Amino acid sequence: MTRKPDVSCVFVCHDGDGRILLARRSAQARDEPGAWDCGAGALEFGETFEEAVTREVTEEYATAPQKIALLGVRNVLRPGSHWVAVIFAVRLDPAGARIGEPHKFDELGWFAPDALPSPLHSQLPPTLELFTAR
């Protein structure tokens, strides 16, 4: 069997005024429960990146993106998994954001990049480097 990397669309949602939206991963999350993270989801066959981001943001945060901008790409190698992460900045209306997938997340919060909660998901700091460099 040949294993191939998966493609993930990762999104750092922001309000346009400097705050970013993070979600705390629930006890049922696939990995790192209790860690704060931005959103992400696998690219489905036949989808554009923007379609995947729109679908995933709407599923996870129950509101549609206002603006989507490509930030960069990361090669994520973890024990047992390999992802090509395509990273986006996504502007959201803070009034519309809420938990859309309570089995994955148990809390949402808007944070200044210099005042983040802890613990952070292990993959969040290198993703935020792309966001803050824009």
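Only the coordinates and a few stated rules stand behind these numbers; no lab work does. Computed from a predicted structure; not experimentally measured. Here the Cβ positions follow ideal geometry from the backbone for every residue, glycine too, while neighbour counts run over all protein chains shown.
Within the shell defined by Cβ-Cβ distances under 14 Å, the residues around residue 87 carry a net charge of -2, with Lys and Arg each +1 and Asp and Glu each -1.
When the helices in the chain are scored as -39500 (n - 2.57) per DSSP H run of 4 or longer and the sum is shared across all residues, what 222 nm value do you end up with, to the nearest 500 deg cm²/dmol? Please list the in-between numbers first.
Numbers: 2 runs with 22 residues, N = 134.
Dividing the helical sum by the residues of the chain leaves -5000 deg cm²/dmol.
As an exercise, use a Förster radius of 22 Å and the Cβ-Cβ distance of residue 70 and residue 19 to find the FRET efficiency, rounded to the nearest 0.05.
Values: r = 21 Å, r/R0 = 0.94.
Efficiency, from the Cβ-Cβ distance: 0.60.
Ranking of 67, 104 by neighbouring Cβ atoms within 10 Å, starting from the fewest: 67, 104. Taking Cβ atoms as reference points and 12 Å as the exclusive limit, the residues near residue 6 contribute a net charge of +2, counting Lys and Arg as +1 and Asp and Glu as -1. Each Cα pair under 8 Å and six or more residues apart adds its separation to the average, and for the chain the resulting relative contact order is 34 percent. Checking every one of the GluC sites (Glu not before Pro) in the range 26-134 against DSSP loop status and a limit of 14 other Cβ atoms within 10 Å picks out 44.
How high is the FRET efficiency from residue 55 to residue 31, r the C-beta distance, R0 25 Å, rounded to 0.05? Can you show the working numbers first?
Numbers: r = 21 Å, r/R0 = 0.85.
It comes to 0.75.
Converting phi to 3J(HN,Hα) with the Karplus coefficients 6.51, -1.76 and 1.60 and the offset θ = phi - 60°, the range 5-15 yields x, 8, 10, 10, 9, 9, 9, 9, 7, 9, 9 Hz in sequence order, with x at every glycine or proline. The order of 26, 8, going from fewest to most other C-beta atoms within 10 Å of their C-beta, is 26, 8.
If R₀ is 22 angstrom, what is the calculated FRET efficiency for the pair residue 111 and residue 91, using the beta carbon separation as r and rounding to 0.05? Here the calculated transfer efficiency is 0.90. Charge tally around residue 24: other residues with Cβ under 11 Å, Lys/Arg +1 each, Asp/Glu -1 each, net -2.
The fraction of Cα-Cα pairs per 5 angstrom bin, counted from 0 for the range 1-93, comes to 3, 13, 22, 25, 20, 12, 4, 1, 0, 0 percent, rounded to whole percents.
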